[in-house]
Every structure is written in structure tokens, then in C-alpha cells.
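The values are calculated or read from the model by the stated rules, or taken from the named source; none is laboratory data. The model shown is predicted, which means the values in this text are computed figures rather than measured ones. Here the Cβ positions follow ideal geometry from the backbone for every residue, glycine too, while neighbour counts run over all protein chains shown.
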Amino acid sequence: MPSATFIDHAGQSRTVEGPEGENLMRVAVLNDVPGIDADCGGECACATCHVFVDEAWLDKCGEPSELETSMLSFAATAQPNSRLACQIILTSALDGIVVETPAAQH
Amino acid sequence: MDPFHNPFIAEHTGRARTIPLEEFSPANPKYMEMDVWQPYFSRLREEAPLHYCEDKIIGPYWSLTRYKDIMATEVNTRVFSSSSTFGGITLMDQREELPMFIAMDQPKHDEQRKVVQPIVSPQNLESMEKLIRQRTQKVLDALPHNETFNWVEKVSIDLTNMMLATLFDFPFEDRALLTYWSDSATANTLGGGHIDSEATRERILAECLAYFTRLWNERVNAEPGSDLVSMLAHGPATRNMSPREYLGNLVLLIVGGNDTTRNSMTGGVCFLNQNPDEYAKLRANPALVESMVSEIIRYQTPLAYMRRTALEDFEMHGQTIRKGDKLAMWYASGNRDGEAIDNPDQFIIDRARPRQHLSFGFGIHRCVGNRLAELQLRILWEEILQRFSKIEVVGPPKRVFSAFIRGYTELPVRVSR
Ligand code: FES
């Protein structure tokens, strides 16, 4: 199974595994990774699964959809490497992906 | 006597089970006022998740009552418009709808919303916390002991209009006007209140605009400040708004920051009184305030629905919503949908995922002030727990005559140390 590393705001890092095809938000939630709220349950409708994708992985994640871009523009502390974790599907190409979670989901 | 005993519920439960679905009118404002809406909506969720009603006053409209369908509709902004051009976000069609960013589609919506977004940035919330706490303490410390008073008036209204006055940097001594304008904007003309016609509403809102135009003029010539009026006056997407659009956005921000929080502040007192075990749980573990706040917001659902208008024909549940049809997404019902929420009719202050509720809406129109609302409620309950062993509801609550606003005008309580 591919793995993903979540680094929280305080710098603590957690590496967890998830099945291919699962989205990164669910991988985090199912493994009790803190820092992801996911109020809408993965519908790209709340922006509380906001993460900063490590630059080395950003291109491999593909382009965000229009809806994701809109939702991200309302997330506090959005940056050019911001993504919504529920819209990133874990594949073997993303095995080892590193993302950071923000201080608070907003 | 139990102040929450509802003399109408038995009859309405029977009626909701037996009358033909064609006779259902989900948007009847009496259902919320009498607190008998639930059996009707539970049958709709069960048997007619997409329901059509020919209403004489508001015209024909569809109702969506299941959590999942509402979520799917929220994100489908290509088909389901919020725009005031087609009627905006409430079922009643006005002669001339007020433009406001919640009632706009993309891209204009996004541009205007971004102008006011910084008011609720995490840093701003952090810096407001102290002020909110001091005010809350003051309001609670001034409450009479062992004497019946109206919680809505003495606590909920006072706290919310002080907050609004701060957000707008509005003259503090005039802040009661904000509540008055908010109520005027949302009142149902058939409710027997001071808004008896659309003409009266327009006249009062014109006063609101005149007042706020003075503030605008002051601030547009000053350095950009951090209050909402200044943000609108200087924001690239809002500084050239027409006066009507300014009024629309003011109404949005006033109602959005007022009614919703106020009614959740009152709702919480009701729910804890109706669920003494949960109240005991809270007193034993004040750390539950945070998850309780989300549960209060779910359970209250201060805005019962939002309306959308179809921009093209759309198939759902074997029926066709026609282009131009209006549709109510009933948040209040989706929040009681057992398919999405366990034991949805139970008020449970320590749910595992308490923020999974529809009260703030989802998608691009999701409530911009959600974190501020949660903050205000959290502080209120933290301070209540510091002071009072109990807030006791001693008489029946009076609810608002409206299908849109789920709120209270009166809640008689007594507090004790
Ligand atoms: S979980 Fe809501 S946007 Fe990702």
C-alpha cells in the first residue's frame, strides 16, 4: 500500500498507509491523523481538509478542479501549494507523498 | 408543568402520517412556529425526498429533505443558481430582489466574498476572543438571580448585536438598530409583527441604508480599516457597488451575524433543559463545550433552508425539475436524516464528528462566519459554566413565525449559582 506523510503545524510528522484509490483526507481520518476536519466528508464542499503539498509532489497531484480552486480561495492561509486532501487520490505514483496541515482548518 | 410540553404535536404527527403527500406544504411558517415540523419532514425524507408543492402564496416549489441530496445540490452550482436575478435564496419572490453576495453566482460571488473574508481570519478571531469574553462576562454578571427573565432579550440579543457593532465599527449606543434591521429584513409579513407589508420593510431598510451610507462616506475617505464597512468601501470588488447592492450585502452580513447566533444561543438553553442527562454530562466535563456547540448548531439549524433556482432541466428521484423552478434545500431536515447522522433526533453533546451538519451550508456559499459563531457560543457556555449551576427554563419558548428563520422571541428562565 502507498504511504503518505502528514506533518502538523508543530512539525510532528506521521507516516501512514492507505489503499490505492483512497483519497488523502480519508487516509488521514482513518488513521487518526489530527489536523484534518473534513466537515463535508469529502465532497469538496467545506475546505476543512486543507493541506500544503510538499513542492516535490505538487505536480504529481494533477490540477485542482474549478470547484476545488474556488473552495481553496476561501480557506484561510491558502498558498500556491494548497490543496484539499479529499481531492487527492492516493496512487502508486504518489507513494511517499508529503503534506503539511495548517494551524487550524477554517 | 413541563415548559416544553407541545399540545399540538400529537395531532400533527397523526396528520403528517395520514394526509396525501400532495397536500404537504413544507414551507408553512406555522410548522416552525408551533414546532410541529418534524413529522412532516420525516415522512418526506422517507417517501418523497423530492417533493413538489403548489403553494398559493409563494408559488410552486420543490423540497429536498435528505442530507445527501442537499449536499449534491449545494455543489452543483452550474445547474442550481443562487442569483437574486432568479429569486435569490428564499422561496418568496420579491418584486425586486436585493443583490448580495450569497445571492450571486460565480465569479462575482467569489470576488465580493473575498472582500469580507479577512474579518473572520484565524488571527482576527484570536484577537477578538478577549473582547467577546469580557462582554459575555459582563452580560452574565448583570443577570438577576432567582427571578424570571427573558433569555432572548437579556442575553442572546444583547451579545449578538454587540458583536455586530464591533464587526461594523457601528456606533455602540445605536446598536439596537442592528437587531431591528435584522428582524425587519427577515420578518414574514403575515407574522403579526411590525413588518406588515413589503412597503414597510422597504421603508425601514431605506433607513438602514441611509445610516450606513454615512458610515461609508466617513470610511471611504479614511485609510482602509479592519471593519466590514471599511472593507466594503475599499474592496476592489465592492467599492463601486450600487447603493442597493451595498444594502443587500449589509442585510446579508447583519442577518448572517445576528439571527443565527442569537437563536443558537437560545436553542442551547432549551436543549440542555430538555436533556438533563446531557446537561449533567456537560457540568461534569466542561471540555465538551466545543463539541456541544456544533451539536447545538445542528440541532437548532437557525436557517431552515436555502433556495436555489434551476438553470436547466434536471432529473432527480425519477422526476424532472424544470428550468426556472425553485427548490428549497431543507437543512433542518437533512440535519435529522438518519442516513447521515446517527440518532439524529437525539441531542448528544459528545458526538464523534459533530461538525458534520448542514447548518452552515456547503460549497461556495458556506457560511463565512461559521468559526466566529462557534467562538461566540463556546465563550458563552464556558462563562455560563463558571457562574451558574443551572439555567432553568420556567415557561414555554415562543418561536418565530417563519419557514426560513428558526428562532425564538421569548424564553423565560431563572438562573441560580
Ligand atoms: S472534506 Fe470537505 S472539502 Fe475536503
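If you take the residues in the stretch A:5-32 that are at negative phi and within 14 Å of chain B (Cβ to nearest Cβ), which one is nearest to the ligand (Cβ to nearest atom)?
Filtering the stretch A:5-32 for residues that are at negative phi and within 14 Å of chain B (Cβ to nearest Cβ), the one nearest to the ligand (Cβ to nearest atom) comes out as A:Met25.
Kindly check whether there is at least one residue in the stretch B:129-149 that is assigned to a helix (DSSP H, G or I) and under 29 Å from B:Ile364 (Cβ atoms).
Narrowing the stretch B:129-149 to residues assigned to a helix (DSSP H, G or I): B:129-141.
Narrowing further to those that are under 29 Å from B:Ile364 (Cβ atoms): B:129, B:132.
Looking through the stretch B:129-149, at least one residue is assigned to a helix (DSSP H, G or I) and under 29 Å from B:Ile364 (Cβ atoms).
Which numbered condition in (1) of a type outside the set (A, V, I, L, M, F, W, C); (2) surrounded by fewer than 19 Cβ atoms within 10 Å (Cβ to Cβ); (3) closer than 26 Å to B:Met32 by Cα; (4) out of contact with any strand residue (DSSP E or B) (no Cβ under 6 Å at 6 or more places or on another chain) is the only one that B:Gly324 fails?
The number of the failed condition is (3).
Which of the residues spanning the stretch A:76-104 are within 14 Å of chain B (Cβ to nearest Cβ) and either within 14 Å of the ligand (Cβ to nearest atom) or buried (at least 18 other Cβ atoms within 10 Å of the Cβ) (or both)?
A:Ala76, A:Ala78, A:Leu84, A:Cys86, A:Gln87, A:Thr101, A:Pro102
Quick one: in the stretch A:34-75, which of the residues that are within 14 Å of the ligand (Cβ to nearest atom), of a type in the set (Gly, Ala, Ser) and in a loop (DSSP other than H, G, I, E, B) is farthest from B:Lys68 (Cα to Cα)?
A:Gly35
Go through the stretch B:127-165 and give me each residue that's of a type in the set (S, T, N, Q) and surrounded by 18 or more Cβ atoms within 10 Å (Cβ to Cβ).
Just the residues of the stretch B:127-165 that are of a type in the set (S, T, N, Q), to begin with: B:127, B:134, B:136-137, B:146, B:148, B:150, B:156, B:160-161.
Selection gives B:Thr136, B:Asn150, B:Ser156, B:Thr160, B:Asn161.
Quick check on my filter: what residues within the stretch A:63-75 are closer than 14 Å to B:Thr77 by Cβ, within 10 Å of chain B (Cβ to nearest Cβ) and touching a strand residue (DSSP E or B) at 6+ places or on another chain (Cβ under 7 Å)?
A:Met71
Looking at the stretch A:1-51, which of its residues are surrounded by fewer than 17 Cβ atoms within 10 Å (Cβ to Cβ) and among the aromatic types (Phe, Trp, Tyr)?
Within the stretch A:1-51, none qualify.
Residue by residue through the stretch B:283-332, note down the ones that are free of Cβ contacts under 8 Å to residues at least 12 places away in the same chain and touching an Asp or Glu at 6+ places or on another chain (Cβ under 6 Å).
Within the stretch B:283-332, just B:Thr320 meets the criteria.
Which one is farthest from the other protein chains (Cβ to nearest Cβ) among residues in the stretch B:61-76 that are in a helix (DSSP H, G or I) and not hydroxyl-bearing (Ser, Thr, Tyr)?
B:Asp69
With the requirement that a residue be polar (S, T, N, Q) and over 16 Å from B:Gly267 (Cα atoms), what does the stretch B:403-417 give you?
Passing the criteria: only B:Ser416.
This table checks each residue for (1) surrounded by fewer than 22 Cβ atoms within 10 Å (Cβ to Cβ); (2) within 14 Å of chain A (Cβ to nearest Cβ); (3) in a helix (DSSP H, G or I).
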{"residue": "B:Pro344", "(1), (2), (3)": "yes, no, no"}
{"residue": "B:Arg351", "(1), (2), (3)": "yes, yes, no"}
{"residue": "B:Arg355", "(1), (2), (3)": "no, yes, no"}
{"residue": "B:Ser359", "(1), (2), (3)": "no, yes, no"}
{"residue": "B:Cys367", "(1), (2), (3)": "yes, yes, no"}
{"residue": "B:Gly395", "(1), (2), (3)": "yes, no, no"}
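For the stretch B:234-340, which fully contained helices (runs of 4 or more DSSP H) count at least 3 residues that are among the hydrophobic types (A, V, I, L, M, F, W, C) and modelled with pLDDT of 95 or more?
The qualifying helices (runs of 4 or more DSSP H) are B:243-274, B:276-284, B:289-300.
Go through (1) part of a loop (DSSP other than H, G, I, E, B); (2) within 14 Å of another protein chain (Cβ to nearest Cβ); (3) hydrophobic (A, V, I, L, M, F, W, C) and name the single condition B:Met92 misses.
Evaluating B:Met92 over (1) part of a loop (DSSP other than H, G, I, E, B); (2) within 14 Å of another protein chain (Cβ to nearest Cβ); (3) hydrophobic (A, V, I, L, M, F, W, C) leaves (2) as the failure.
Filter the stretch B:369-382 for residues that are more than 10 Å from chain A (Cβ to nearest Cβ) and not small (Gly, Ala, Ser) and give the result.
Matches in the stretch B:369-382: B:Leu372, B:Glu374, B:Leu375, B:Gln376, B:Leu377, B:Arg378, B:Ile379, B:Leu380, B:Trp381, B:Glu382.
Of the conditions (1) surrounded by 13 or more Cβ atoms within 10 Å (Cβ to Cβ); (2) on the phi < 0 side of the Ramachandran plot, B:Phe172 clears all except one; give me its number.
Result: B:Phe172 fails condition (1) only.
In the stretch B:104-158, what residues are under 21 Å from B:Thr261 (Cβ atoms) and among the β-branched types (Val, Ile, Thr)?
B:Val116, B:Ile119, B:Val120, B:Ile132, B:Thr136, B:Val139, B:Val152, B:Val155, B:Ile157 - these are the residues of the stretch B:104-158 that are under 21 Å from B:Thr261 (Cβ atoms) and among the β-branched types (Val, Ile, Thr).
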